[in-house]
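The values are calculated or read from the model by the stated rules, or taken from the named source; none is laboratory data. Only a predicted model underlies this, so the values are computations on that prediction, with no experimental measurement involved. No Cβ is skipped: glycine too gets one built from the backbone with ideal geometry, and neighbour counts run over all protein chains shown.
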Amino acid sequence: MSATTPVFSVQGLWKVFGPKAGRVPADPELSALPPADLRSRTGCTAAVRDVSFDVRRGEVFVVMGLSGSGKSTLVRCLTRLIEPTAGTIAVDGEDVRAMDRTRLRELRRHRAAMVFQHFGLLPHRTVLDNVAYGLEIQGVGRAERRARAAGVVAKVGLEGMEQRRPGQLSGGQRQRVGLARALAVDPEVLLFDEPFSALDPLIRRDMQEEVVRLHREEGRTMVFITHDLSEALKLGDRIALMRDGRVVQLGTPEEIVGSPADDYVREFVRDVPREQVLTVRTAMRPASGDEAGTGPALPPTATVSQAIVAVARAGAPARVVDRGRCLGVVDHERLLGVVAGTEPAENPGENPGEHPAGNLAENSAEEPAKEVV
Amino acid sequence: MATATAPTPRAALPGVLRHPVARKLLLLAAAAAVLVPLADAHWSSGTWPKALTVDLTGPLTRTGDWIIDHRDSHPLFLHFLGHISNAVVFCVRAVYLLLLAAGWAGVTAAATALAWRAAGKRLALGTAAAFLACGALGMWVPTMQTLALMAVAVLASVAVGVVLGLAAGLSARLDRVLRPVLDTMQVLPAFAYLLPVVLVFGIGVPAAVLATVVYAAPPMARLTALGLRGADKEVLEAVDSLGATARQRLLTARIPLARRELLLGLNQTIMMALSMAVIASVIGAGGLGDRVYQALASVDVGAALAAGIPIVLLAVVLDRVTAAAGDTTGRTTGTGRGHRAYTAYAVGAAVAVAVAGRLAGRPDWPGSWTVAVAAPVNDAVGWMTGHLYSGVPVIGGTADWAGRFTTWVLDPLRDGLQGLPWWAVLLLVAAVAWPIGTWRTALTAVLALAATGVLGVWEPSLDTLSQVLAAVAVTLVLGFATGVAAARGDRFERLLRPVLDVFQTMPQFVYLIPVVALFGVGRAPAVAAAVVYALPAVVRITAQGLRQVDPAALESARSLGATPAQQLRQVQLPLARPALLLAVNQGVVLVLAVVVIGGLVGGGALGYDAVFGLAQGDLATGLVAGAAIVCLGLMLDRVTQPTERRTKKGA
């Protein structure tokens, strides 16, 4: 598998629940029906409707949608915990739907591990044995799996709790166990199914930062399901926004916020603080005259809110500089336009492939500040 | 939506008919108006018509005779049933000899050690005290006989139950097949199981063990299936997502997750096995039950009590220890090593005590250490008979009460039922069953009652039914009142709980002893025993149902200024309706079980026929009575069948 092969490649995926589900994707008339009509005509519910996307190596791919939008079904289809009705799924180029039991088990054991909303821990086992469970399933010997599990337990910050049982842990700690269990088998991809929805807001933020840290340290590919927009914007390199089983928009957080595909998405992102998501690359205008030579310098990935700080300090427009080349400038008007939402985004994220995890406001906050000074 | 689909004609119906109950009853009345004149014209007689009776006595007697004649020659017996019978006898014998060989000291030490490891220090002390009390009452050998029989029966029940439960837990189709069968088996009185096994195996230990297994295995099977099915879906999904095979999934997730239910199943199986092992004394089980049975036959209350107390002690100890073992599931058990060391100490101590007992040459309970309770108890009973039975000023005596209850309640009820035309009784059953349940339950109930008529035991069945109805009425009045009081008063409930705990664990048979002492023999004592037996379950379910009413609903009623009476009437009782229906259902089932056993103390009717059949070797009479008991049980259960099935038998 080459570096460019997507980890997961999903094409035209359908999951229909109900009697004779197979006919729905096959029949163009049925597949075009809205959900309510489909249910009254056939008794079927289409949880996932004709979804296609690629998950690239090393990225955090977020699937976001309200409850009932089909996102949890979608992630379960990836490893066939739920059997898809139609479409293709490839993992590293290998057809998942064509796998036999043994091959599928291999996929689940070694390549994709999942973290669940309600943790799914075994209450009769200790933390250590829960974390080692995946290895036990694989037939790893007791001593080795315990040693490996102990390492992962330490990595998620649960040292000293190895001998406790899930019932004695708080929600956040339990989810750390769930995370450790998934990490222990050293999978290629981590699948998260709304892992933090059941947690308190503060704990949730801790856990999100934990995921960001793990991703920064290990660069593991992640597919992350959430119904929380701010979580999606915070974690996602790319976001697929789902509604009624369909993907209504797929793009970087900046694209989703900056140029919503339809009214539904627009309504969705209305309250997002745009200056924290949009970058100066979106907000800049071409430099005129001597502007290219003066003013504070910012990288193209700096957020608008960082630019505001720089511009306010300097009292002059800031330059957007990439590898010594001035791409454009941002001034008061441009920045205010972004905040107010009146500035039409012209070329949001023209090459999203370059997008690192830079939209995570926290960890990119310091670098541009240095350049400014 | 009803408003969208129902066309206007519905609105034209008179107001009364909009109520579903009224509609059902009206439909029933219409059906009756057509069917009753027809039936009456064909078979006009007050009691069940002869033309509709099938006399099974002949064929049953012939079957019984054939089995007795061929027991030693037919291949079915030689190569199959004979082996089962021999294996059972061998196992019981082996366990019994082992217990005797361990000696009283060894058995007590072993039981104490087991209780200590499973349930902690306090229960270990209680266990030791209970076993020593059994010895002190001079009942060591019968206790060991009962224990041996129970041990074999429980092992077999658990094996059978787990296999059936695994099948039903893993296969949805088997679950659909097994569930109604197991549910029905749980509502049938223990007595009904005795006769079929006697028909095949004759009176003796094998029959007793097999009847016990048949009676005690269903709860294990049901709870195993329930535990497997009730496992947290997300945990199982997580296990799947890690790539577990079906076997790994079962062994590492499903069975451990069902541990609580499995231990509860074990607890219930043990309790039911004890209950049945005692009742099975009627078919030759021996042991404690036999002592009680013999003593009751000669109305020797003292002797019955001496054997009854060990039964109660055994029941309480077994129940508490197994229940405590189940409760410790989630607890951390410290480090595994220390745990194992303690267990080793316990085993070592038990063995040491047993060996010491052997060396001291005292395997049997020393005769001089027994306390003769029979004589003083009989004196006390004699005093009671003399002073309390009758003629106590103002309140009258216990025998007077029993007599009055018989004359004023039982007799009119029985005569009334028997005086009604047969079709009227069936109609009445339908009219009660349909509004409570579905047309299906109502039909089953009517057919079950009709079956007693077809079997030719219409009159005794109605006699039993009248006793059941009287007992249920008393039970419900007392039970609901106590339940409401317990739900409203915390202190009262705290006082009540240990009493209920003890009463709920006692085998049915034991209840006959005090009522005979108080009321003599007859139908009234049978009813009294039934009331006492069924009461704890009814009180408990009622109190629990009332307490589990949504606190938010109650709080909102209180915030609107509802008085306690209004809260009870308008919020608690309506919301606890399912629990109350369940209480009625349980009450009816439990009452029937004891009313039937009441045949042993002069309750007459079906219970007497069954006992008579067993005692006289007249299997035909007994089997017909047994079948009628089954029908009556089915009928009573279906009549009171709330829409949702109970998950646990009350006793």
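Numbers for the structure displayed
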item: Residue identified as within 20 Å of B:G545 (Cα to Cα) and in contact with an Asp or Glu (Cβ under 7 Å, 6 or more places away or on another chain) among B:A486, B:A481; result: B:A486
item: Scope region A:84-140; condition in contact (Cβ under 8 Å) with a residue 60 or more places away in the chain, within 13 Å of chain B (Cβ to nearest Cβ) and polar (S, T, N, Q); matching residues; result: A:Q117
item: Selection within region B:208-254 - within 16 Å of A:L135 (Cα to Cα) and not aliphatic (A, V, I, L, M); result: B:D240, B:S241, B:G243, B:T245, B:R247, B:Q248, B:R249, B:T252
item: Qualifying residue in region B:592-602 (condition: at positive phi and assigned to a loop (DSSP other than H, G, I, E, B)); result: yes
item: Residue within region B:216-229 that is over 19 Å from B:L262 (Cα atoms) and in contact (Cβ under 8 Å) with a residue 12 or more places away in the chain present; result: no
item: Among the residues listed as B:S281, B:S298, the single one being surrounded by fewer than 21 Cβ atoms within 10 Å (Cβ to Cβ), more than 14 Å from chain A (Cβ to nearest Cβ) and of a type in the set (S, T, Y); result: B:S298
item: Test for A:L214: is it more than 14 Å from every other protein chain (Cβ to nearest Cβ), buried (at least 16 other Cβ atoms within 10 Å of the Cβ) and not in a helix (DSSP H, G or I); result: no
item: Among the residues listed as B:V141, B:V162, the single one being in the same structural domain as B:L288 (by TED's automatic domain parsing), over 19 Å from B:M272 (Cα atoms) and assigned to a helix (DSSP H, G or I); result: B:V141
item: Pairs where the first residue, in region B:242-267, is within 9 Å of chain A (Cβ to nearest Cβ) and the second is of a type outside the set (G, A, S) and not in a helix (DSSP H, G or I), C-beta under 6 Å, 6+ apart; result: B:P256/A:H124
item: Flag if A:V272 is surrounded by fewer than 20 Cβ atoms within 10 Å (Cβ to Cβ), among the aliphatic types (A, V, I, L, M), farther than 30 Å from A:T45 by Cα and within 11 Å of the chain's Cα centre (by Cα); result: no
item: Criterion: within 30 Å of B:D175 (Cβ to Cβ) and either without any contact (Cβ under 8 Å) to a residue 60 or more places away in the chain or not charged (D, E, K, R) (or both) - qualifying residue of B:V152, B:V92; result: B:V152
item: From B:G396, B:G357, residue being modelled with pLDDT under 75 and assigned to a helix (DSSP H, G or I); result: B:G357
item: Looking only at region B:228-278, and only at residues there that are assigned to a loop (DSSP other than H, G, I, E, B), at negative phi and of a type outside the set (A, V, I, L, M, F, W, C), the one that is surrounded by the fewest Cβ atoms within 10 Å (Cβ to Cβ); result: B:T245
item: Qualifying residue in region A:252-267 (condition: among the aromatic types (F, W, Y), over 24 Å from A:P166 (Cα atoms) and at pLDDT below 90); result: yes
item: Test set (1) out of contact with any Ser or Thr (no Cβ under 8 Å at 6 or more places or on another chain); (2) buried (at least 20 other Cβ atoms within 10 Å of the Cβ) - A:A112 fails condition number; result: (1)
item: Residue that is surrounded by the most Cβ atoms within 10 Å (Cβ to Cβ), among those in region A:5-55 that are hydroxyl-bearing (S, T, Y) and closer than 22 Å to A:A90 by Cα; result: A:S9
item: Complete set of residues in region A:163-181 that are at the interface with chain B (Cβ under 8 Å from one of its Cβ atoms), part of a helix (DSSP H, G or I) and surrounded by fewer than 19 Cβ atoms within 10 Å (Cβ to Cβ); result: A:G167, A:Q168
item: Selection count where residues are outside any loop (DSSP other than H, G, I, E, B), of a type outside the set (D, E, K, R) and within 25 Å of A:F8 (Cα to Cα), scope region A:182-204; result: 7
item: Where B:S556 falls short, out of the listed (1) farther than 30 Å from B:V516 by Cα; (2) in contact with a helix residue (DSSP H, G or I) (Cβ under 8 Å, 6 or more places away or on another chain); result: (2)
item: Per-region count, region A:289-328, residues part of a helix (DSSP H, G or I), over 30 Å from A:D237 (Cβ atoms) and among the hydrophobic types (A, V, I, L, M, F, W, C); result: 2
item: Whichever residue in region A:243-269 is in a loop (DSSP other than H, G, I, E, B) and either β-branched (V, I, T) or under 20 Å from the mean Cα position of the chain (by Cα) (or both) and, among such residues, is surrounded by the most Cβ atoms within 10 Å (Cβ to Cβ); result: A:G245
item: Options B:T406, B:T441: the member that is closer than 23 Å to B:L581 by Cβ, among the hydroxyl-bearing types (S, T, Y), in the same structural domain as B:V532 (by TED's automatic domain parsing) and buried (at least 16 other Cβ atoms within 10 Å of the Cβ); result: B:T441
item: Residue list for region B:414-438, filter: surrounded by 15 or more Cβ atoms within 10 Å (Cβ to Cβ) and under 18 Å from B:T184 (Cβ atoms); result: B:V429, B:A433, B:I436, B:G437
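Residues are listed down the side, and each one gets a yes or a no for (1) crowded, with 18+ Cβ neighbours inside 10 Å; (2) at pLDDT below 80; (3) out of contact with any Cys (no Cβ under 6 Å at 6 or more places or on another chain):
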residue: B:V549; (1), (2), (3): yes, no, yes
residue: B:E555; (1), (2), (3): no, no, yes
residue: B:R569; (1), (2), (3): no, no, yes
residue: B:Q572; (1), (2), (3): yes, no, yes
residue: B:L580; (1), (2), (3): yes, no, yes
residue: B:A593; (1), (2), (3): yes, no, yes
residue: B:V601; (1), (2), (3): yes, yes, yes
